[in-house]
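Any read-out appearing in this document is the output of simple, stated calculations on the displayed coordinates, not a laboratory observation. Please read these numbers as outputs of a predicted model, since none were measured by experiment. Note that each Cβ is placed from the backbone with ideal geometry, even for glycine, and that neighbours are counted across all protein chains shown.
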Amino acid sequence: MAIEFKLPEMGEGVTEGELVKWLVKEGDSFTQDQPLVEMMTDKATVEIPASNAGKVVKLIAKEGDMVKVGQTLLSMEAGVGAVVKPAPGAHASPPPASPSRPAVVQTASAAPVESIFPPPAGAHVLATPSTRRYAREAGVDINNLTGSGPAGRVTREDVVKASSGPMGAVSMGAPTMARSAMMPARTPTKALPTATVMGSNTEERKPLKGIRKKIAENLVRSKQTIPHFTHVDEVDATELVAWRAQMKEKAAEYGIKLTYLPFIMKAVSATCREFAMFNTALDDEKNEIVRKHYFNIGFAADTPEGLLVPNVKNVESKNILQIAKDISELAEKARQGKLAPDDMKNGTITITNIGSIGGLYATPIINPPETAILGVYEIVKKPVVINDEVQIRSMMNITATCDHRVIDGADAARFLKKLKQRLASPQSLLLEMI
Amino acid sequence: MKTFDVCVIGAGPGGYVAAIKAAQLGKKVVVVEREKIGGVCLNCGCIPSKAMITAAHMFEKMSSLSEIGLSASNINVDMTKIQNWKESVVNKLTTGVSGLFKMNGIESIMGEANFVSAQELELNCSNGEKEIIKASNYIIANGSRPIEIPGFNFDGKNVLSSTEALTLNPTPKRLVVIGGGYIGLEIGSYLSKFGCEVTVLEANSSLLSGVVDTDCVNVVARKLKKKGVNVMLGAKAKGYKKVGNDLQVELQTEKGIQTVLCDKILVTVGRKPNSDQMNLSKIGIKVDQKGFVVVNKQLRTNISHIFAIGDVAGQPMLAHKASREGIIAAEVIAGKNAIADYKFVPAVIFTDPEIASVGLTVEEATQKGFEVATGQFPYAANGRALSVMDAEGFVKIVADKKTNVVLGVHIVGYEASNLISEAALAIEMGATLQDIASTIHPHPTLPEMMMEAAEAAMGHPIHIFLRPKTDRAARPTTRNAH
């Protein structure tokens, strides 16, 4: 007898999600905990696992549908001896329910210099050598594909499909944002430029869906409702650079790769305490400004699927090492597409860092309902006049982009002035250390 | 100072292939070789040993043809002629490689190379000149050398490495081989066919330990015994001394200290990478605990413009692995997104009979969590095998019982080395048992056994009878039908 499988709870406060992709077909058998469907909630992609073994009778919801918690996703027969078909996997899955799946084979130990993108095909991947090569050249990670051929063999067509689909296109095109010391180190992936599969003068269309769609919606809403303005200043980071160089080894003893970002976060949380309007939310519906007494500082993480903003919770009560650890864990999760909705919820202010790519400064868009986003940029040595003498100092531009409904220009100027004092003398943080 | 796009150090099967590939891809290439073009493989490894094995095999065959009605008398072994012929085979190949260098516009320099920095290489050329050259990319392909053990220093006279053993003339009367790995067994076997009394000392409890399918090893071990090769397992060689004209080898066994008399001692206990040369450590090239240069899947070392391939860059130390790595390194240097993503490196052992294998053994597959289906087909049930009078051995296929995907193939028997490539292709292509069974294999040929073994793994081979039962790996009953 067919029973209905309904969309389960996907996290606190999440009431609905967009069905991104079915991971099973009608007629497929599945085991308990096997991921059935990929849902997009808030900003994370979540794989919904089967609560018990069964067989798909009919897929009721369609890809692209908005599905509410409790709404029927599919009808199934329970308890059929399951033929396990490997899930395409590798996208986000909530940590507790992640299906057991052979890990992607990577020779971490044998990769002293650079890791390679895409990673080599794992032992479980069935594909001819020429298909593996083709996938590599198209920038498609063959480990993530579900083969349509016999015994789950990945065919050339599967790769073609993946390389023109939304995920493939991202991994193929955009150079991944390189990260400087500002961000947790991530070995640069080197996808060599490859000739496009199709001839010139052609166009390609793909649906705006998944994370990309969510990003688009959020940004349009932010830019259309919030009157943005940006204040720019310049920080003398010479001492910060020296301090970090000095502390790096100390942090390494704890197994932590110390970057500038934890320090900047700490300085921001201290400064936000003095300028409360920077750590607020504007509740549009109730016309209320919500002052937050906790400091959950978000940072922009560039992932193969697009921009995500996880946040470090309660920066005010953590030391720099703890913050560094949180950042690197969140960044790793973001990179693997494993951020949970909670990782991205309840942020109070965001920092974006474009330092390693370069440029003078940018005017980022606020992550609502927050009211400010700070930008930090490349640290470069510049001639600076100090006491009528030209000295070489490590300088960094810094911006505060604010919601003018809540924050005035003079506030932004004062805020940045105070923040830059803190950044200019790292020792000052000692006074406020928790 | 001369500058190049790519400098390859070592002209063995890794280096020369890398050089040619890099040149094909438009690079200006130089190869530095301190001994001989072709490296160990062509000059004192794969090629000359196969020539000697063939000569010994033919001699043995000629002497045993009376049962099929052919008799020959006065079969002489002229070792000098055999050695000359072997050298001519080697020369044909090495001059072929030199010719390919020229045709591809590759400069080759004879001499020893040492890094003076990560950018520059000092050459002590064989003609006495010194030179410093510079290349944008380096490929280290300087190979490996035989391991020496305490008490048995190679002297080229009493204690030999494989290199000298291949040039033995005349054949010694008695030989002790220390190390029952594939090199020792290959050389020991052929010398035994030329009339040498061979004793193999192996410290482990089995020959070819840990390398291949144990059923395959057993076939070879039986044959060695039948041919009068004395194999001593669990025997550790301690040292030797000269007693009159004899060499007395002392060994430690379970039964205590024993001695064996012989004329020559061959030490084949393995090879070690040449990572301690060329100033590699001085310029900061990372080496692992076993002495292999650490590389990633694109064969890049920790110094990103320096690559390492072949024996110096890790196990298995096989020529064909080195060649493939050479191609990958050259392609990466030329900007292609190549990678070492082959599933397995096939291995062949030219014992009598030959062993060849690719992929997982039953034990390995079980360990990895596969429910395993195996199919075995004996040479004795194959028409071609009988008609060439080599009916020992079998083909064994290991597959995933759930999907029938082929995981490994292990062959022991005549021409196993030439049969394994089909298996390697099948595994790389992700073939299932049906794929192999449904491919028509021409009759009467040895590869039919592959098709039959695949059928056997699924329970229904034509030319052997398997009683219907759950254990598919059970020994088949042979019915000769050709």
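For this structure, a couple of remarks:
- For q = 0.14, 0.19 Å⁻¹, Debye-computed log10 I/I(0) when each Cα of region B:97-157 counts as one equal scatterer: -0.63, -0.91
- Alpha-carbon spread of region B:392-444, three principal axes, descending order, Å: 31, 21, 17
- Order of A:K345, B:K396 - criterion: other Cβ atoms within 10 Å of each residue's Cβ, fewest first: A:K345, B:K396
- Evaluated on the protein assembly as shown, the Kirkwood hydrodynamic radius is 32.4 Å, with distances taken between all distinct Cα atoms.
- Shown here for region A:14-49: trypsin sites (Lys or Arg not before Pro) in loop regions (DSSP other than H, G, I, E, B) with at most 14 other Cβ atoms within 10 Å, namely A:K25.
- Whole-Hz ³J(HN,Hα) from phi, Karplus 6.51 cos²θ - 1.76 cosθ + 1.60, for region A:276-293, glycine and proline x: 4, 5, 7, 10, 10, 10, 9, 8, 4, 5, 8, 6, 10, 9, 9, 7, 9, 9
- Only Cα sites of region B:202-355 enter the Debye sum here, all with the same form factor; the resulting log10 I(q)/I(0) across q = 0.21 1/Å is -1.26, listed in q order.
- The loop-placed GluC sites (Glu not before Pro) in region B:226-325, going by DSSP, that have at most 12 neighbouring Cβ atoms within 10 Å of their Cβ come out as B:E254.
- Given in Å, the Rg to one decimal and the Dmax to the nearest whole number for the Cα atoms of region A:212-431 are 17.1, 55.
- Likely footprinting exposure, A:H293, B:H441, fewest C-beta neighbours within 10 Å first: A:H293, B:H441
- DSSP bridge orientation in region B:1-130 - percent antiparallel, rounded to nearest 5: 45
- Taken one residue at a time, the phi angles of region B:342-350 give Karplus couplings (6.51, -1.76, 1.60, θ = phi - 60°) of 5, 7, 9, 9, x, 10, 10, 10, 8 Hz. Gly and Pro are set to x.
- The Cα atoms of region B:78-201 define a convex hull whose projected area, averaged across directions, is 10.9 nm².
- With the simple spin-label model, which puts each label point 7 Å out from Cα in the Cβ direction, the B:K61 to B:D276 separation comes to 4.3 nm.
- Region A:242-261 residues near the modelled A:I392 label - backbone nitrogen below 20 Å, point 7 Å along Cα→Cβ: A:242-246
- Kirkwood-type hydrodynamic radius, chain B: 24.3 Å, calculated from all non-identical alpha-carbon pairs.
- Summed side-chain charge close to B:G408 - residues other than B:G408 whose Cβ falls under 14 Å, Lys, Arg +1, Asp, Glu -1: -3
- Nearest-20 debye value, chain B charge dipole, Cβ charges on Lys, Arg, Asp, Glu: 320
- Cut-off under 5 Å, modelled amide H: who pairs with A:V384 long-range: A:Q391, A:I392, A:R393
- With the cut-off at under 20 Å, measuring from each backbone N in region A:16-43 to a point 7 Å along the Cα-to-Cβ line of A:D65 picks out A:16-30, A:35-42.
- Put in order of Cβ neighbour count within 10 Å, fewest first, the listed residues A:T31, A:T146, B:T199 become A:T146, A:T31, B:T199.
- Shape of region B:353-478, Cα gyration tensor, a/c cut at 1.5: prolate
- Length-normalised contact order for chain B - Cα pairs under 8 Å, 6+ apart - percent: 14
- Across region A:212-431, Cα pairs under 8 Å and at least six residues apart give a relative contact order of 29 percent.
- For region B:164-281, radius of gyration divided by Kirkwood radius, i.e. Rg to Rh on alpha-carbons: 1.01
- Here B:K21 is the anchor, and the aspartates and glutamates within straight C-alpha reach of less than 15 Å, apart from those fewer than 8 places off in the same chain, are B:D5, B:E107, B:E325, B:E331.
- Of all DSSP beta bridges confined to the protein assembly as shown, the antiparallel ones make up roughly 75%.
- The trypsin sites (Lys or Arg not before Pro) of region B:257-324 meeting both criteria, a DSSP state outside H, G, I, E and B (loop) and at most 11 other C-beta atoms within 10 angstrom of the site's C-beta, are B:K290.
- Net charge dipole, region B:159-269: roughly 300 debye, given to the nearest 20, about the Cα centre with Cβ charges of +1 for Lys and Arg and -1 for Asp and Glu.
- Here the Karplus relation 6.51 cos²θ - 1.76 cosθ + 1.60, evaluated at θ = phi - 60°, turns the backbone of region A:208-213 into coupling constants of 7, 8, x, 4, 4, 5 Hz, with x for every Gly and Pro.
- For the protein assembly as shown, a crude dipole built from +1 on the beta carbon of Lys and Arg and -1 on the beta carbon of Asp and Glu, taken about the Cα centre, is about 860 debye to the nearest 20.
- Helix-only arithmetic for chain B: the sum of -39500 (n - 2.57) across DSSP H runs with n ≥ 4, divided by the residue total, places the mean residue ellipticity at 222 nm at -9000 deg cm²/dmol.
- For B:N137, the residues whose modelled amide H falls within less than 5 Å of its own, excluding neighbours fewer than 5 places apart on the same chain, are B:V6, B:C7.
- Anchor A:K420: aspartates and glutamates whose Cα lies under 13 Å away (excluding residues fewer than 8 positions away in-chain): A:D233, A:E234, A:D236, A:E239
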